[in-house]
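Here the structure comes first, spelled out in structure tokens, and everything after it is commentary.
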Amino acid sequence: MKNVSIALLGCGTVGKGVIDLLAMNGSLIEEQLDTKITIKKILIRDLPKYEHMDLPSNIALTTEFADIIDDDDIDVVVEVMGSPSFSKDCIEQCFKRGKSVVSANKDLMADYGIPLLKMSQEHHVDLQFEASVAGGIPIVRPMYSSLNANRIEEIIGIMNGTTNYILSSMTDLGMSYEAALKEAQEKGYAEANPTNDVSGYDAARKIAILATLGFHSAVTFNDVSVEGIESITQEDIKHAGEMGYVIKLLAIARQDKDGIALNVHPSFIRKGHPLANVGGAYNAVCVRGNCVGDIMLYGQGAGSLPTASAVVSDVMNVILHRNLRMTGMRDYVWHDAKLKDQGSISASYYLRMVVANAPGVLAAISNVFGEDHISIRSLIQKDETTEIAEIVLLIDRSPDGLVRESLKKIEALPCVHKVANAIRVIEV
Ligand code: NAP
Ligand code: HSE
């Protein structure tokens, strides 16, 4: 049996998962590859933090990347640090030294995926990154491989476990946003600084990676229009439920003849929609191909062993490529992306407004929408005091830019205290 020595850059949630998975399933993997995978070295920063860790005695911990890059025995490097610039530098050095890389780093792949993939090809090594999107769910490889006979028209999914956990807790248990976020942090779903999760940036990076692969288009994180869930309140959740919807943070990539639209935003989706039933910290991704039709992949988008499942599968793929002498030979094709103007993208909206409880208020609001050719589908007056009322409207599909302009005019009306929320309604 052959042996392949690998190194891990990082030994946190994912790195430890890789160690545990190889201990659990080593013989199953050896049987498939006729190759033993041995973790030889692990790079970390803070040595004393890891001394208590019960690591196999043949693994050496180091704080020096040179110990790994200069070790000619190490063929594959697994980057599970998540540090944007240091990770990029390490990966580039690996390529130059003929080492293939497996990375779980979505921040890096969303911004530098294409240059790094090109560089890996130039150096005839692999760069695999299945775990960078939706953790344990196999979606990256299907996107460029299993589904590549299709013209991909739409990718839509719940790609952030933290925000799905928060919204599910708000919906199912009536929790406030703040309490649900605190619980997500306590359970280890949210990052220590949860901004990347709740602001939608994490999901935006993931949809940028999938759109690049699925649409053969060079897009990055900066091409995604992003809104997070910070403004969602228990009122919005309640109103959505009464109207037959749930609120989910969706990442959406659509491609048609006019171009590509990339969005992450909270969305009203019908209770019967398959994504409506994706609860807790789970992820799901729906893909529409012009021949396969609709498919949906569902599972754990984060966590130690689920993410390690994707990482180790990538390592196995690199080993198979090495055995076939085809590392770095994947022929990705990208075109420059033709992106749609965000203002032109149409959607229906749920709107919640706090207004004066007085005659003529609804007429004034309807008047603005009427002048802007925006059609009101329904309007309900909710809680009211003698002076203030809350109203909830659904408006028909209208271009994003026009809706924003109209809402500015409405917010300037003396009888309108505030437009408390505007959430897109996904009618599928
Ligand atoms: P983590 O628990 O914070 O662990 C990070 C590890 O990397 C730690 O061992 C840390 O060492 C090490 N590290 C960080 N910067 C370093 C540096 N400059 N030099 C040397 N070592 C460094 O992170 P994680 O959750 O495992 O995530 C790792 C990557 O996987 C990230 O890119 C993340 O986005 C991605 N990912 C994570 C999940 C998940 O469920 N957690 C799912 C999918 C993808 P010290 O402790 O010594 O600092
Ligand atoms: N923080 C991410 C999430 C997990 O909540 O889904 C890593 O992608």
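The values are calculated or read from the model by the stated rules, or taken from the named source; none is laboratory data. It should be emphasised that the depicted structure is a prediction, and the values quoted were computed from it without experimental measurement. Backbone-built Cβ (ideal geometry, glycine too); neighbour counts: all protein chains shown. Accessible surface areas use protein heavy atoms only, side chains included; no ligands, DNA or RNA. Shrake-Rupley method; radii C 1.70, N 1.55, O 1.52, S 1.80 Å.
Sparse packing (at most 13 other Cβ atoms within 10 Å of the Cβ) combined with a DSSP loop state is found for the following trypsin sites (Lys or Arg not before Pro) in region 298-388: R325, K338. Heavy atoms of the protein only, probe of 1.4 Å, neighbouring chains included. What is the accessible area of F221 in Å², nearest 10? Accessible area of F221: about 30 Å². For M175, the amide hydrogen comes within under 5 Å of the amide hydrogens of M170, counting only partners 5 or more places away or on other chains and with H modelled in the peptide plane.
In Å², what does the accessible area per residue of the chain work out to with a 1.4 Å probe?
Here the residues of the chain average 43 Å² of exposed surface.
Listed by chain and number, the aspartates and glutamates whose alpha-carbon sits under 17 Å from that of K238, ignoring those within fewer than 8 places in the same chain, are D172, E178, E230, D383, E384, E390. Contact order, relative form, for region 345-426: 50 percent (alpha carbon pairs under 8 Å, 6 or more residues apart, mean separation divided by residue count). Listed by chain and number, the lysines whose alpha-carbon sits under 18 Å from that of K118, ignoring those within fewer than 8 places in the same chain, are K88, K96, K99, K106. Each residue of region 321-330 was assigned a 3J(HN,Hα) from its phi angle through the Karplus expression (A = 6.51, B = -1.76, C = 1.60, θ = phi - 60°), giving 4, 4, 4, 8, 6, 10, 5, x, 9, 5 Hz with x at Gly and Pro. Computed from backbone phi, the HN-Hα couplings of region 363-376 come to 5, 5, 5, 4, 4, 4, 4, x, 4, 8, 6, 9, 9, 8 Hz, rounded to whole numbers (Karplus: 6.51 cos²θ - 1.76 cosθ + 1.60, θ = phi - 60°; Gly and Pro given as x).
Report the rotationally averaged projected area of the chain based on its alpha-carbon convex hull, in square nanometres.
Over all viewing directions, the chain projects a mean Cα-hull area of 22.3 nm².
Working ranking of peptides 194-204, 17-27 by packing, defined as the average number of other Cβ atoms within 10 Å per residue, highest first, is 194-204, 17-27. Measuring nothing but how far apart in sequence close Cα pairs (under 8 Å, 6+ apart) lie, relative to its length, the chain scores a relative contact order of 17 percent.
To the nearest ten degrees, helix 201-215 and the longest principal axis of the Cα atoms of the chain are 70 degrees apart. Here the Karplus relation 6.51 cos²θ - 1.76 cosθ + 1.60, evaluated at θ = phi - 60°, turns the backbone of region 81-97 into coupling constants of 9, x, 8, x, 7, 5, 4, 4, 4, 4, 5, 4, 5, 4, 4, 4, 9 Hz, with x for every Gly and Pro. At the residue level, D70 shows approximately 90 square angstrom of accessible surface with a 1.4 angstrom probe and all protein chains present.
Taking the longest Cα principal axis of the chain as reference, the axis of helix 177-186 is set at about 10 degrees.
Would you work out which of L250, G293, I260 lies farthest towards the positive end of the dipole of region 221-305, given +1 charges on the beta-carbon of Lys and Arg and -1 on that of Asp and Glu, about the Cα centre? Result: G293. Placing one equal scatterer on every Cα of region 140-300 and applying the Debye formula, the log10 ratio I(q)/I(0) at q = 0.12, 0.13, 0.15 Å⁻¹ is -0.50, -0.59, -0.77. About its Cα centre, region 345-426 has a charge dipole of approximately 220 debye under the convention of +1 per Lys or Arg Cβ and -1 per Asp or Glu Cβ, with nothing else charged. Backbone amide hydrogens, once placed in the peptide plane, bring L9 within less than 5 Å of L43, V78, E79, V80, excluding anything fewer than 5 places away on its chain. Taking the accessible area of the chain, probe 1.4 Å, and keeping the other protein chains in place, the carbon and sulfur fraction comes to 50%.
Taking amide H as placed 1.01 Å from N in the peptide plane, K382 has its amide H under 5 Å from the amide H of E390, I391, V392, each at least 5 places away in sequence or on another chain.
Using only alpha-carbon positions in region 48-127, the gyration tensor eigenvalues give semi-axes of 24, 16, 10 Å once each is multiplied by 5 and square-rooted (largest first). Between helix 106-122 and the chain there is an angle of about 40 degrees, using the helix long axis and the longest principal axis of the Cα atoms. Dividing the mean sequence gap of close Cα pairs (under 8 Å, 6+ apart) by how many residues region 140-300 holds gives a relative contact order of 34 percent.
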